[in-house]
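The structure appears below as structure tokens.
The values are calculated or read from the model by the stated rules, or taken from the named source; none is laboratory data. Since the model is a prediction, treat every value here as computed from it, not as a measurement. Note that we place each Cβ from the backbone using ideal geometry, even for glycine, and neighbour counts take in every protein chain shown. With ligands, DNA and RNA removed, areas are computed over all heavy atoms of the protein, side chains included. Shrake-Rupley method; radii C 1.70, N 1.55, O 1.52, S 1.80 Å.
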Amino acid sequence: MRSDKAKKGPERAPHRSLMKAAGYTDWEIERPWIGVANAYNQIIPGHVHLRRIVEAVKAGIYAAGGLPIEFPTIGVCDGIAMNHIGMKFSLPSRELIMDSVEVMTQAHAFDGLVLVTNCDKIIPGMAMAAARLNIPSIVVSGGPMLTGLLHGKEVDLNTVFETVGKHIVGKATEEELLEVENAACPGCGSCSGMFTANTMNCMMEALGLGLPGNGTIPAVYAARDRLAKDAGRAIMNLVEKDIRPRDILTREAFENAVAVDLALGGSTNTALHLPAIAHAAGVDFDIELFNQIGSKVPHLCSMSPGGSHHIQDLYQAGGVQALMAQLAAGGLLHGECVTVTGKTVRENIKGAQVRNPEVIRPLDRPYHATGGLAILRGSLAPDGAVVKQSAVAPEMLVHTGPARVFDSEEDAFTAIKARKILDGDVLVIRYEGPKGGPGMREMLTPTSALAGMGMDKTVALITDGRFSGASRGASIGHVSPEAAAAGPIALVREGDMISIDIPAKKLEILVDEAELARRKAGWKPYVQPVESDFLGRYRRVTTSGNKGAVLE
């Protein structure tokens, strides 16, 4: 065991003495040491209940003969960090989480890891740590929030953001906004739509790093506690059989995850996080994989924000395993991949059934014939951009309009509030990429405001930043190269015509090459000021969005 380095032999007497100071007995110290990373804090709604989940995990480990050793990690609530400097810290926190798990694991010679997480950057950060460390590991989600109810209608966090837009144009009073604010988030758990957190929790299940049910069992259900106990037992089986993350995180496993993501219509942020996890696992992952698999995998689930269903509906319909069974039956999944159950995908999904064919539609009756995400390329995004095409109104799938150019999210939102954005416009928000921001902020505030104002069917938004999983409409992000790296988005001027053709996977600036060359010759980068040593360091070493914004 790895922990023998810290506990075996006479020379480790000081180490054992320190363990005994923590209350551990000789017979406990002899057990395999299982690190339990707890992302609990008192500000993220998806994490406020993780102490409960961790206690269940530790009970499972202890019952199966292991010694659970809990330690903390940080976490950012993207919703609370939204539209101020806090959002600049969200994506960079992913690497801090990965590094902190590595530090704790290597320093204390853990034999295995259970990574208890729930929200946007914390999930991939922990999965990246598991891939990098490559010791037996399992990811456990805290589960999704239930939807709120208001006047008999389901509401969620995105409803609040969009009601802000309605308030701007006088379609909602302050009293109505407060009603929505009070009803939308009824309790603990990751926000209830197929936003980034829930998409990534489903990805852990699809990759094989999480147990069946990990992505969809609601946070407040007792089944969530039972899954946590089972995860504690499962890690002991993984340690015994020496099944490691890189045995699970194969190229085929990532193809499975992309297929499930596209069938779900998941968050555009998977185009950042799956490549980053693959990078940590030593697996080559080009974002063009979304288009390659998306041409074969249909969009089967109409989830909020693009559709009306929520995670609890997906759970009741059979969850991720039922969706995977549907895909496997159509030859769209690799069934031989190993998972943290110790069994293959094919063995896990045996007997899984779709219980609601409207929530998980059959392959011959999809919501859309192609997958939920698309990668666009062209003169505006030579290295790619990403859009959740399943959440785009049909009339905006092909659109040409004049650019309205802003060098920060704040400036763009000011223009939106002042009603200066007109139908047909293409908002371009730049210098918000990984380097430019720095930190690649999410643009949920402007996209939701446009949706609330009824302009998501008439206005497109293009950015080298990114979007919340809750964004809908013609929202095109991760434009690469970013403006701060002299990408073409830096050369766009007010009034330039921008052409969007999502079915053709094209994103073009309709300016001739000679004019763009003249502009580039005179280009001087705009650097968003930021008073943070941490973000300054991040700016210097982060890569482009098309590479997962990993650190060099």
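Remark: relative contact order (the stretch 56-177) = 18 percent; criterion is Cα-Cα distance under 8 angstrom and separation of 6 or more residues. Can you compute the FRET efficiency between E395 and A107 using 1/(1 + (r/R0)^6), with r the Cβ-Cβ distance and R0 = 45 Å? Round to the nearest 0.05. For E395 and A107, the calculated efficiency is 0.20. Among the trypsin sites (Lys or Arg not before Pro) found in the stretch 303-379, those both in a DSSP coil and sparsely packed, with 14 or fewer other Cβ atoms within 10 Å of their Cβ, are K343, K350, R355.
Between the stretch 281-326 and the stretch 19-59, what's the alpha-carbon centroid distance in Å? So the separation of the two Cα centres works out to 32 Å. With the simple spin-label model, which puts each label point 7 Å out from Cα in the Cβ direction, the S17 to F534 separation comes to 3.7 nm. Computed from Cα atoms, the angle from the helix 50-63 axis to the main principal axis of the chain rounds to 30 degrees.
Of the cross-linked pairs K166/K420; K121/K435; K153/K420; K435/K520; K121/K505, those separated by over 24 Å at the C-alpha level are K153/K420; K121/K505. A straight line joining the Cα centroids of the stretch 123-162 and the stretch 517-552 runs 29 Å.
About its Cα centre, the dipole of the stretch 190-309 is roughly 360 debye, where the only charges are +1 on Lys and Arg Cβ and -1 on Asp and Glu Cβ.
Where both bridge residues fall in the chain, DSSP classifies roughly 45% of the beta bridges as antiparallel.
If you look for lysine pairs in the stretch 273-419 that are eight or more places apart or on different chains, how many of them have Cα atoms under 27 Å apart? Close lysine pairs found across the stretch 273-419: 4. For a paramagnetic label modelled at 7 Å from the Cα of E240 toward its Cβ, which residues of the stretch 63-91 fall within the zone defined by backbone nitrogen distances under 15 Å? Only 63-67 fall inside the zone, counting backbone N under 15 Å. Rounded to the nearest 20 debye, the dipole magnitude of the chain is 940 debye, with +1 charges on Lys and Arg beta carbons, -1 on Asp and Glu beta carbons, and the Cα centre as origin. Think of the chain as having a plus end and a minus end, set by charges on the Cβ of Lys, Arg, Asp and Glu; of G548, P362, I74, I74 sits farthest toward the positive end of this dipole.
The mean sequence separation of alpha-carbon pairs under 8 Å and at least six residues apart, normalised by the residue count of the stretch 123-276, gives a relative contact order of 32 percent.
Computed with a 1.4 Å probe over protein heavy atoms only, the accessible area of K8 comes to about 80 Å².
Straight Cα distances below 21 angstrom link K5 to the lysines K20, K241, with same-chain residues fewer than 8 positions distant left out. In a simple Cβ point-charge model (Lys, Arg +1; Asp, Glu -1; nothing else charged), the stretch 231-379 has a dipole of about 260 debye relative to its Cα centre.
Placing unit charges on each Cβ (+1 for Lys and Arg, -1 for Asp and Glu) gives the stretch 452-501 a dipole about its Cα centre, and among G469, S499, A483 the Cα reaching farthest toward its positive end belongs to G469. Full extension of the chain between E347 and A369 yields a length gain of 5.1 nm, computed as 0.36 nm times the residue separation minus the alpha carbon distance.
Length gained on full extension, M497 to D284: 73.1 nm, using 0.36 nm per residue less the C-alpha separation. The residues neighbouring Y62, those whose beta-carbon lies less than 13 Å from its own, together hold a net charge of +1 under the Lys/Arg +1, Asp/Glu -1 convention. Restricting the stretch 357-449 to GluC sites (Glu not before Pro) that sit in a DSSP loop and have at most 15 other Cβ atoms within 10 Å of their own Cβ leaves E358. The stretch 458-515 and the stretch 436-452 have Cα centres separated by 14 Å.
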